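Let me begin by presenting the structure, written as structure tokens, before commenting on it.
Any read-out appearing in this document is the output of simple, stated calculations on the displayed coordinates, not a laboratory observation. These figures come from a predicted structure and were not determined experimentally. Note that each Cβ is placed from the backbone with ideal geometry, even for glycine, and that neighbours are counted across all protein chains shown.
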Amino acid sequence: MKKEILDNCVNKKIKYINGAKFLKMRPKAFLPLKSRYQEFGEPVLAPQAPGPKKLYAVCNKTPDWIDDLVVKLTDENKYIG
């Protein structure tokens, strides 16, 4: 259904505003979908997994030296807490 509506919008058979209404989207959200569909094709229509982007480093990761210190302290004091 999405593919047919996007194809019709790309081929100028229907206006993008009507395409957005058919898909129950806002026109401003429909335009990026339409442009990505024109550029990349059908893979854009597949659902994507939520989560952080793979290109960015994790900002709240504990430094390695702290992890090593915790492991060292737990090895030395196995019976505390």
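At a glance:
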quantity	calculated
Sorted by Cβ density within 10 Å, fewest first, the residues Tyr56, Tyr79	Tyr79, Tyr56
For the range 2-76, size of Cβ-based charge dipole, Lys and Arg +1, Asp and Glu -1, in debye	1140 debye
Distance violations [Cα-Cα > 22 Å] among Lys2/Lys54; Lys28/Lys54; Lys2/Lys24; Lys21/Lys54	Lys2/Lys54; Lys28/Lys54; Lys21/Lys54
Extreme residue, positive dipole direction of the range 1-74, given options Asn18, Gln38, Cys59 (C-beta unit charges)	Asn18
Nearby lysines by direct alpha-carbon distance to Lys61 (threshold 21 angstrom, same-chain neighbours under 8 apart not counted)	Lys53, Lys72
Order of Val58, Val44, Val71, Val10 - criterion: other Cβ atoms within 10 Å of each residue's Cβ, fewest first	Val58, Val71, Val10, Val44
Sum of side-chain charges, Lys13 neighbourhood, beta-carbon under 12 Å (Lys, Arg +1; Asp, Glu -1)	0
Least to most buried among Leu73, Leu6 (fewest other Cβ within 10 Å first)	Leu73, Leu6
Low-density loop positions, trypsin sites (Lys or Arg not before Pro), the chain - DSSP coil, at most 16 other Cβ in 10 Å	Lys12, Lys13, Lys15, Lys24, Lys53, Lys54, Lys61, Lys78
